[in-house]
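First up is the structure itself, then whatever we jot down about it.
What follows is calculated from the coordinates using simple rules that are stated; it is not laboratory data. All values derive from a computational prediction rather than experimental measurement. Here the Cβ is made from the backbone with ideal geometry for all residues, glycine too, and neighbour counts use every protein chain on show.
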Amino acid sequence: MAQDLNFNFKVPDLSNGPSELWKRKLKTLFTCIDADGNGFLNRKDLPVLAAKFKRYGEMTDDEALDFTKKLEAWWDAVFPMDASLSFEDFMKSRIEMMNPAKVNDDMLNHYKPNLEMMFKAIDLNGDGIISLPEWKIYYKAMGIKGEKEAEESFKVVDLNGDGDMSLDEFILGSCDFMYSQEESPNTYFLGPLQEL
Ligand SMILES: [Ca+2]
Ligand SMILES: [Ca+2]
Ligand SMILES: [Ca+2]
């Protein structure tokens with residue numbers, strides 16, 4: 001199942017600044033995490049996000065609390081505790097993350113564990129794979145509209161086409177989404193892109 005992946009992601013060349021497409025992807029992610037919709041990311045968004053997962057994913061109170069704690073641990077590893085990030089701030093922090101000197105450290109210590117936590121949260125029945133119905137719940141919790149879009153992105157992420165999304169496939173899809181500067185298979189990992 002969960003194999004260790006060799007993260008050979010090509011660090012994008014950002015010497016001329018990030019692409020417009022990448023900014024739109026980041027805006028899409030920002031909108032998903034800004035669960036209270038106030039235009040800023042801060043720790044207060046995390047319990048709101050966890051509550052949405054709880055509701056759509058039928059998590060118990062304890063599971064939701066645990067999920068919130070994991071999100072907060074991730075937050076504290078990446079941002080100052082009292083940070084309140086506008087989209088511009090968030091973009092700067094992500095560009096910093098893509099500094100070639102930092103990519104491996106950030107990937108292994110923060111990004112990958114966070115994705116694993118997210119994967120476990122989305123894998124509601126805990127069987128180690130994300131099914132299409134579970135992926136649709138994830139879309140709902142993240143506020144992404146469209147069952148059809150969920151089905152389309154699922155097909156792309158399910159690289160081996162066996163109808164299940166493995167942890168490796170989820171991580172690969174997430175990384176392709178986060179790193180690629182141009183159109184790539186997972187451009188619509190989080191559904192339609194937000195306008196800037
Ligand atoms: Ca917010
Ligand atoms: Ca599952
Ligand atoms: Ca698969």
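Each label was represented as a point 7 Å from its Cα along the Cα-to-Cβ direction; for Glu183 and Lys44 these points are 4.0 nm apart. What residue among Ala101, Ala73, Ala50 has the largest mean-square fluctuation in a Gaussian network model of the chain, using Cα springs under 10 Å? Comparing Ala101, Ala73, Ala50 in a Gaussian network model of the chain, the most mobile one is Ala101. Given the DSSP H assignment, sum -39500 (n - 2.57) over each helix run of at least 4 residues in the chain and divide by its residue total; what's the result at 222 nm in deg cm²/dmol, nearest 500? So the helix-based figure for the chain works out to -17000 deg cm²/dmol. Inter-label distance, Asp82 to Asn16: 4.2 nm, where each label sits 7 Å from its Cα along the C-beta direction. If only the Cβ of Lys and Arg carry +1 and only the Cβ of Asp and Glu carry -1, the dipole of segment 20-179 around its Cα centre is close to 580 debye. Take every Cα pair under 8 Å whose residues are at least 6 apart in sequence, average their separation, divide by the length of the chain, and the relative contact order is 31 percent.
Of Lys92/Lys148; Lys27/Lys112; Lys52/Lys92; Lys102/Lys145; Lys23/Lys136, which pairs sit farther than 29 Å apart, going by alpha carbon to alpha carbon? Beyond 29 Å: Lys92/Lys148; Lys102/Lys145. Here Lys140 is the anchor, and the aspartates and glutamates within straight C-alpha reach of less than 12 Å, apart from those fewer than 8 places off in the same chain, are Glu149.
Suppose R0 equals 35 Å. What FRET efficiency, 1/(1 + (r/R0)^6) with r the Cβ-Cβ distance, do Glu58 and Glu96 give to the nearest 0.05?
Details: r = 37 Å, r/R0 = 1.06.
The formula returns an efficiency of 0.40 here.
Counting every other Cβ atom within 10 Å of each residue's Cβ, Asp89, Asp162 order from fewest to most as Asp162, Asp89. Sparse packing (at most 13 other Cβ atoms within 10 Å of the Cβ) combined with a DSSP loop state is found for the following trypsin sites (Lys or Arg not before Pro) in segment 132-196: Lys145. On the beta carbon distance between Asp89 and Asp127, with R0 = 35 Å, the FRET formula returns roughly 0.40.
Just how large is the dipole of segment 147-196 about the Cα centre, in debye to the nearest 20, putting +1 at every Lys and Arg Cβ and -1 at every Asp and Glu Cβ? Show your work: numbers first, answer last.
Details: 2 positive and 13 negative charges, 18 e Å.
In debye, rounded to 20, segment 147-196 gives about 80.
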